[in-house]
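Colleague: Questions regarding the structure given below will be posed in turn.
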Amino acid sequence: MYLSQEDVEQILSIISGRFRQAEVIMETMNPWVVKNMREKSIEATKARFTWGIRSGKELEGISPEYTRIRDVSLVEGMKVIIPAYHLLGRIPAVKNISNKLTVLRKG
């Protein structure tokens with residue numbers, strides 16, 4: 001979310017070039033959130049959200065040497081901390097725009 005698509009491609013390429021087998025876990029953000037949300041926790045740093053994807057499946061398109069194993073919505077983890085997420089996680093819009101952890105595998 002803080003990197004451009006080109007930066008992500010380069011990082012995945014570097015990992016791929018150095019390892020025959022690898023698993024990569026990365027946090028991804030929905031493009032709608034990138035464009036429309038502001039995160040108070042990073043305002044002081046001047047960091048910006050710059051790029052997002054709807055699903056980790058999109059990463060296979062930019063780095064075909066990787067296979068997406070799964071996406072895990074951060075709503076799942078939030079259920080442990082904030083019980084209201086048990087209900088919020090049932091709302092497709094919340095689940096779809098939530099940040100995700102994407103697991104990729106090479107080799």
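The values are calculated or read from the model by the stated rules, or taken from the named source; none is laboratory data. Everything quoted here is computed from the prediction, not taken from an experiment. Reconstructed Cβ throughout: ideal geometry from the backbone, glycine too, with neighbour counts over all protein chains shown. Remember, those area values only see protein heavy atoms, side chains included, never the ligands or the DNA or RNA. Shrake-Rupley method; radii C 1.70, N 1.55, O 1.52, S 1.80 Å.
Colleague: Against the definition (at pLDDT 95 or above, touching a Lys or Arg at 6+ places or on another chain (Cβ under 8 Å) and basic (Lys, Arg)), how does residue 68 come out, yes or no?
Modeller: Against the criterion (at pLDDT 95 or above, touching a Lys or Arg at 6+ places or on another chain (Cβ under 8 Å) and basic (Lys, Arg)), residue 68 qualifies.
Colleague: Moving on. Name the residues in the stretch 14-38 that are exposed (fewer than 13 other Cβ atoms within 10 Å of the Cβ), touching a residue at least 12 places away in the same chain (Cβ under 8 Å) and closer than 18 Å to residue 60 by Cβ, would you?
Modeller: 19, 21, 25, 27, listed by residue number.
Colleague: What number of residues within the stretch 42-57 satisfy the criterion of being closer than 15 Å to residue 102 by Cα and either in contact (Cβ under 8 Å) with a residue 60 or more places away in the chain or in a helix (DSSP H, G or I) (or both)?
Modeller: 1
Colleague: Look at the stretch 80-105 and say how many of its residues are at pLDDT 90 or above and in contact with a Phe, Trp or Tyr (Cβ under 9 Å, 6 or more places away or on another chain).
Modeller: 2
Colleague: May I ask you to list the residues in the stretch 29-48 that are out of contact with any Gly (no Cβ under 6 Å at 6 or more places or on another chain) and modelled with pLDDT of 85 or more?
Modeller: Hits for the stretch 29-48 are 32, 33, 35, 36.
Colleague: Sticking with this structure for a sec: Would you be able to tell me the number of residues in the stretch 72-90 that are part of a strand (DSSP E or B) and either open to solvent by less than 40 Å² (accessible area, probe 1.4 Å) or among the hydroxyl-bearing types (Ser, Thr, Tyr) (or both)?
Modeller: 1
Colleague: On to the next question. Which members of the stretch 48-71 meet the condition of being among the small types (Gly, Ala, Ser) and open to solvent by less than 40 Å² (accessible area, probe 1.4 Å)?
Modeller: 52, 55, 56, 63
Colleague: Any residue in the stretch 1-13 that is more than 20 Å from residue 32 (Cα to Cα) sitting within a Cβ distance under 9 Å of a residue that is of a type in the set (Lys, Arg)? List the pairs, counting only those 6 or more apart or interchain.
Modeller: Short answer, once both residue conditions are applied: 12/106.
Colleague: Just to be sure, is residue 93 small (Gly, Ala, Ser), open to solvent by 70 Å² or more (accessible area, probe 1.4 Å) and part of a helix (DSSP H, G or I)?
Modeller: In short, no.
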